[in-house]
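Presented below is the structure to which this report refers.
The values are calculated or read from the model by the stated rules, or taken from the named source; none is laboratory data. Just so it is clear, the structure is predicted and the values come from calculations on it, not from any experiment. Please note: Cβ atoms are built from the backbone with ideal geometry, for glycine as well, and neighbour counts cover all protein chains shown. What goes into the accessible areas is simple: the full protein's heavy atoms, side chains included, and nothing from ligands, DNA or RNA. Shrake-Rupley method; radii C 1.70, N 1.55, O 1.52, S 1.80 Å.
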Amino acid sequence: MSGMGNMNKAIPKLLIVTGASRGIGEAIAKKFLNKEYSVVNLSRKPCSLEGVINIQWDLAAREWSTELTKELCKFSEQAEQVCIVHNAAYFVADNIADTCPETLREVLEVNVVAPQRLNRLLLPHLSSGSSIIYIGSTLAEKAVSNRFSYVVSKHASIGMMRANCQDLVSKQIHTANICPGFTNTAMLQQHFEHDPEGLRDLGQQMVLGRLVEPDEIAALVAFCAENPVVNGSVYHANLGQVER
(Lines give C-alpha, C1' and ligand atoms only; values in the text may rest on other atoms or scores of the structure.)
Protein backbone atom coordinates (compact mmCIF):
# COMPACT_ATOMS: atom_id res chain seq x y z
CA MET A 1 0.00 0.00 0.00
CA SER A 2 1.20 3.49 -0.74
CA GLY A 3 -0.36 6.84 0.09
CA MET A 4 0.62 10.04 -1.69
CA GLY A 5 -0.02 13.47 -0.26
CA ASN A 6 -1.30 14.29 3.21
CA MET A 7 -4.09 16.02 5.07
CA ASN A 8 -2.89 17.57 8.28
CA LYS A 9 -5.79 19.96 8.85
CA ALA A 10 -9.55 19.90 8.71
CA ILE A 11 -11.01 19.78 5.22
CA PRO A 12 -14.52 20.90 4.24
CA LYS A 13 -15.44 18.06 1.86
CA LEU A 14 -13.85 14.71 1.12
CA LEU A 15 -14.49 12.11 -1.57
CA ILE A 16 -13.35 8.55 -0.95
CA VAL A 17 -13.78 6.62 -4.20
CA THR A 18 -12.78 3.10 -5.16
CA GLY A 19 -11.40 2.22 -8.58
CA ALA A 20 -10.60 5.76 -9.77
CA SER A 21 -7.54 4.77 -11.81
CA ARG A 22 -9.55 4.99 -15.05
CA GLY A 23 -12.98 5.17 -16.64
CA ILE A 24 -16.01 6.22 -14.62
CA GLY A 25 -13.99 6.32 -11.39
CA GLU A 26 -11.44 8.71 -12.85
CA ALA A 27 -14.23 10.94 -14.19
CA ILE A 28 -15.81 11.00 -10.71
CA ALA A 29 -12.48 11.98 -9.12
CA LYS A 30 -12.03 14.80 -11.66
CA LYS A 31 -15.57 16.11 -11.13
CA PHE A 32 -15.15 16.27 -7.36
CA LEU A 33 -11.71 17.88 -7.62
CA ASN A 34 -13.30 20.59 -9.73
CA LYS A 35 -15.91 21.06 -6.99
CA GLU A 36 -13.06 21.61 -4.50
CA TYR A 37 -13.32 18.29 -2.71
CA SER A 38 -10.25 16.56 -1.40
CA VAL A 39 -10.13 13.18 -3.17
CA VAL A 40 -8.81 9.83 -1.95
CA ASN A 41 -8.68 6.93 -4.41
CA LEU A 42 -8.57 3.35 -3.17
CA SER A 43 -7.52 0.91 -5.91
CA ARG A 44 -4.76 -1.39 -7.14
CA LYS A 45 -3.51 1.20 -9.63
CA PRO A 46 -3.10 4.92 -8.91
CA CYS A 47 -5.25 7.66 -10.38
CA SER A 48 -3.05 9.97 -12.48
CA LEU A 49 -5.03 13.15 -11.79
CA GLU A 50 -3.05 15.83 -9.99
CA GLY A 51 -4.31 16.36 -6.47
CA VAL A 52 -5.71 12.86 -5.92
CA ILE A 53 -4.36 11.01 -2.89
CA ASN A 54 -3.83 7.38 -3.87
CA ILE A 55 -4.00 4.47 -1.47
CA GLN A 56 -3.00 1.41 -3.46
CA TRP A 57 -4.86 -1.65 -2.23
CA ASP A 58 -6.49 -4.74 -3.68
CA LEU A 59 -10.13 -4.72 -2.63
CA ALA A 60 -10.22 -8.49 -3.14
CA ALA A 61 -7.88 -8.94 -0.17
CA ARG A 62 -9.60 -10.99 2.51
CA GLU A 63 -7.77 -9.09 5.27
CA TRP A 64 -7.33 -5.31 5.41
CA SER A 65 -4.15 -4.14 7.09
CA THR A 66 -4.13 -2.00 10.21
CA GLU A 67 -2.15 0.60 8.30
CA LEU A 68 -4.83 0.82 5.63
CA THR A 69 -7.68 1.23 8.09
CA LYS A 70 -5.79 3.87 10.10
CA GLU A 71 -5.04 5.90 6.99
CA LEU A 72 -8.64 5.83 5.75
CA CYS A 73 -9.97 6.77 9.19
CA LYS A 74 -7.47 9.62 9.47
CA PHE A 75 -8.78 11.21 6.28
CA SER A 76 -12.45 10.81 7.18
CA GLU A 77 -11.95 12.12 10.72
CA GLN A 78 -10.56 15.37 9.34
CA ALA A 79 -13.45 15.99 6.95
CA GLU A 80 -16.55 17.99 7.73
CA GLN A 81 -18.49 16.06 5.07
CA VAL A 82 -17.62 12.79 3.34
CA CYS A 83 -18.90 11.19 0.15
CA ILE A 84 -18.07 7.50 -0.28
CA VAL A 85 -18.42 6.22 -3.84
CA HIS A 86 -18.29 2.46 -4.34
CA ASN A 87 -17.18 2.32 -7.97
CA ALA A 88 -14.67 -0.56 -8.22
CA ALA A 89 -16.08 -3.77 -9.63
CA TYR A 90 -14.92 -7.23 -10.63
CA PHE A 91 -16.42 -8.76 -13.77
CA VAL A 92 -16.23 -12.30 -15.12
CA ALA A 93 -18.17 -13.89 -17.97
CA ASP A 94 -19.83 -16.96 -16.45
CA ASN A 95 -23.17 -18.72 -16.15
CA ILE A 96 -25.11 -20.84 -13.70
CA ALA A 97 -23.78 -24.06 -15.24
CA ASP A 98 -20.06 -23.33 -14.90
CA THR A 99 -19.66 -20.85 -12.03
CA CYS A 100 -17.64 -22.44 -9.25
CA PRO A 101 -18.11 -21.28 -5.65
CA GLU A 102 -14.66 -19.67 -5.54
CA THR A 103 -15.36 -17.49 -8.59
CA LEU A 104 -18.60 -16.28 -7.07
CA ARG A 105 -16.83 -15.56 -3.79
CA GLU A 106 -14.15 -13.52 -5.58
CA VAL A 107 -16.73 -11.38 -7.38
CA LEU A 108 -18.78 -10.86 -4.23
CA GLU A 109 -15.63 -9.99 -2.26
CA VAL A 110 -14.96 -6.95 -4.46
CA ASN A 111 -18.51 -5.96 -5.42
CA VAL A 112 -20.34 -6.57 -2.15
CA VAL A 113 -18.08 -7.38 0.81
CA ALA A 114 -15.48 -4.63 0.23
CA PRO A 115 -18.11 -1.85 0.09
CA GLN A 116 -19.59 -3.04 3.38
CA ARG A 117 -16.12 -3.20 4.95
CA LEU A 118 -15.48 0.37 3.89
CA ASN A 119 -18.89 1.53 5.13
CA ARG A 120 -18.43 -0.11 8.52
CA LEU A 121 -14.95 1.35 8.88
CA LEU A 122 -15.88 4.91 7.97
CA LEU A 123 -19.41 5.21 9.32
CA PRO A 124 -18.36 6.34 12.82
CA HIS A 125 -16.55 9.28 11.20
CA LEU A 126 -19.32 10.41 8.84
CA SER A 127 -20.93 13.68 9.84
CA SER A 128 -24.33 15.07 8.93
CA GLY A 129 -24.65 15.65 5.19
CA SER A 130 -22.33 12.81 4.24
CA SER A 131 -23.34 10.27 1.60
CA ILE A 132 -22.74 6.72 0.37
CA ILE A 133 -23.13 6.29 -3.38
CA TYR A 134 -23.03 2.96 -5.23
CA ILE A 135 -22.15 2.56 -8.91
CA GLY A 136 -24.38 -0.28 -9.98
CA SER A 137 -25.21 -1.42 -13.50
CA THR A 138 -28.08 -1.83 -15.89
CA LEU A 139 -27.75 -5.47 -14.82
CA ALA A 140 -28.60 -4.55 -11.23
CA GLU A 141 -32.31 -4.93 -11.96
CA LYS A 142 -32.30 -7.17 -15.04
CA ALA A 143 -30.18 -10.03 -16.38
CA VAL A 144 -28.62 -11.34 -19.57
CA SER A 145 -26.97 -14.69 -20.17
CA ASN A 146 -23.34 -15.45 -19.26
CA ARG A 147 -23.06 -12.69 -16.67
CA PHE A 148 -24.10 -14.77 -13.66
CA SER A 149 -21.75 -13.61 -10.87
CA TYR A 150 -21.79 -9.98 -11.98
CA VAL A 151 -25.60 -9.89 -12.16
CA VAL A 152 -25.90 -11.45 -8.71
CA SER A 153 -23.44 -8.97 -7.19
CA LYS A 154 -25.02 -5.91 -8.81
CA HIS A 155 -28.49 -6.95 -7.67
CA ALA A 156 -26.95 -7.20 -4.20
CA SER A 157 -25.58 -3.65 -4.46
CA ILE A 158 -29.10 -2.27 -4.79
CA GLY A 159 -30.17 -4.33 -1.79
CA MET A 160 -27.22 -2.93 0.18
CA MET A 161 -28.13 0.64 -0.74
CA ARG A 162 -31.76 0.17 0.27
CA ALA A 163 -30.72 -1.48 3.54
CA ASN A 164 -28.31 1.42 4.18
CA CYS A 165 -31.18 3.86 3.74
CA GLN A 166 -33.22 2.11 6.43
CA ASP A 167 -30.32 1.46 8.81
CA LEU A 168 -29.24 5.12 8.70
CA VAL A 169 -32.60 6.56 9.69
CA SER A 170 -32.05 9.84 11.62
CA LYS A 171 -28.28 9.80 10.90
CA GLN A 172 -28.54 12.54 8.23
CA ILE A 173 -26.45 10.38 5.88
CA HIS A 174 -28.04 9.66 2.52
CA THR A 175 -27.45 7.01 -0.12
CA ALA A 176 -28.27 6.18 -3.75
CA ASN A 177 -27.38 3.68 -6.45
CA ILE A 178 -26.48 4.84 -9.97
CA CYS A 179 -26.72 2.22 -12.72
CA PRO A 180 -24.80 3.22 -15.87
CA GLY A 181 -25.59 1.79 -19.27
CA PHE A 182 -22.90 1.16 -21.89
CA THR A 183 -20.33 3.83 -21.12
CA ASN A 184 -17.63 5.15 -23.44
CA THR A 185 -14.56 4.16 -21.43
CA ALA A 186 -11.10 3.11 -22.56
CA MET A 187 -11.84 -0.40 -21.31
CA LEU A 188 -14.94 -0.68 -23.51
CA GLN A 189 -13.07 0.73 -26.51
CA GLN A 190 -10.25 -1.75 -25.95
CA HIS A 191 -12.75 -4.60 -25.79
CA PHE A 192 -14.08 -3.59 -29.22
CA GLU A 193 -10.67 -2.65 -30.65
CA HIS A 194 -11.10 -5.05 -33.57
CA ASP A 195 -14.85 -4.63 -33.87
CA PRO A 196 -15.70 -0.92 -34.34
CA GLU A 197 -19.03 -1.86 -35.87
CA GLY A 198 -19.92 -3.76 -32.70
CA LEU A 199 -19.11 -0.67 -30.62
CA ARG A 200 -21.41 1.45 -32.82
CA ASP A 201 -24.14 -1.16 -32.43
CA LEU A 202 -23.94 -0.75 -28.66
CA GLY A 203 -24.69 2.93 -29.03
CA GLN A 204 -27.69 2.14 -31.21
CA GLN A 205 -29.13 0.11 -28.33
CA MET A 206 -29.66 3.43 -26.53
CA VAL A 207 -32.76 5.49 -27.37
CA LEU A 208 -30.53 8.54 -27.93
CA GLY A 209 -28.28 6.56 -30.28
CA ARG A 210 -24.95 6.90 -28.49
CA LEU A 211 -22.91 5.64 -25.57
CA VAL A 212 -23.02 7.23 -22.14
CA GLU A 213 -20.01 9.44 -21.39
CA PRO A 214 -18.12 8.98 -18.09
CA ASP A 215 -18.54 12.69 -17.35
CA GLU A 216 -22.31 12.24 -17.42
CA ILE A 217 -22.13 9.57 -14.74
CA ALA A 218 -19.76 11.73 -12.70
CA ALA A 219 -22.17 14.66 -12.85
CA LEU A 220 -25.01 12.44 -11.59
CA VAL A 221 -22.82 11.15 -8.75
CA ALA A 222 -22.02 14.73 -7.72
CA PHE A 223 -25.73 15.62 -7.81
CA CYS A 224 -26.61 12.66 -5.60
CA ALA A 225 -23.81 13.46 -3.16
CA GLU A 226 -25.09 16.98 -2.61
CA ASN A 227 -28.86 16.39 -2.63
CA PRO A 228 -30.21 14.33 0.30
CA VAL A 229 -33.65 14.22 -1.34
CA VAL A 230 -32.36 11.31 -3.47
CA ASN A 231 -31.98 9.09 -0.39
CA GLY A 232 -32.82 5.46 -1.22
CA SER A 233 -33.10 6.07 -4.97
CA VAL A 234 -31.93 3.99 -7.92
CA TYR A 235 -30.95 5.92 -11.06
CA HIS A 236 -30.69 4.09 -14.39
CA ALA A 237 -28.29 6.34 -16.32
CA ASN A 238 -28.41 4.66 -19.72
CA LEU A 239 -29.87 7.24 -22.14
CA GLY A 240 -32.92 4.98 -22.41
CA GLN A 241 -32.50 1.44 -23.67
CA VAL A 242 -34.22 0.21 -26.80
CA GLU A 243 -36.24 -2.85 -25.79
CA ARG A 244 -36.14 -5.64 -28.36
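Of all the accessible heavy-atom surface of the range 186-244, with the other protein chains kept in place and a 1.4 Å probe, what percent is carbon and sulfur?
Using a 1.4 Å probe with all protein chains present, the range 186-244 comes out at 52 percent carbon and sulfur.
How long is the range 78-176 along each principal axis, judged by its Cα atoms, biggest number first, in Å?
Principal-axis extents of the Cα atoms in the range 78-176, largest first: 47, 22, 18 Å.
By average Cβ neighbour count within 10 Å, what is the ranking of 162-168, 74-80, 141-147 from highest down?
So the peptides 162-168, 74-80, 141-147, ranked by packing, come out 74-80, 162-168, 141-147.
To the nearest 10 degrees, how steep is helix 214-226 against the longest Cα principal axis of the chain, on a 0 to 90 scale?
40
I'd like to compare 99-110, 229-240, 17-28: which one has the highest average count of other Cβ atoms within 10 Å, and what's the full order after that?
17-28, 229-240, 99-110
Computing the accessible area with a 1.4 Å probe over protein heavy atoms, can you report the carbon and sulfur percentage for the range 64-112?
Answer for the range 64-112: carbon and sulfur cover 53 percent of the accessible area.
At 222 nm, what helix-only mean residue ellipticity would the chain give, in deg cm²/dmol to the nearest 500, using -39500 (n - 2.57) for each DSSP H run of four or more?
Calculated at 222 nm, the ellipticity per residue is -11000 deg cm²/dmol.
Consider the candidate values (i) 21.6; (ii) 16.3; (iii) 13.5; state which one is mean projected area of the Cα convex hull in nm² computed from the structure displayed.
The value computed from this structure is option (iii).
I'd like the projected area of the range 133-244, averaged over all directions, using the convex hull of its alpha carbons. Report it in nm² with one decimal.
7.7
Using Cα atoms only, what is the angle between the long axis of helix 66-77 and the major principal axis of the chain, expressed in degrees (0 to 90) to the nearest 10?
80
Just name one of LEU139, LEU68, PRO12: the one whose Cα is farthest towards the positive end of the charge dipole of the range 1-156 (beta-carbon charges, Lys/Arg +1, Asp/Glu -1).
Going by the charge dipole, the pick is PRO12.
Just the accessible area per residue of the range 106-244, please: how many Å² with a 1.4 Å probe?
49
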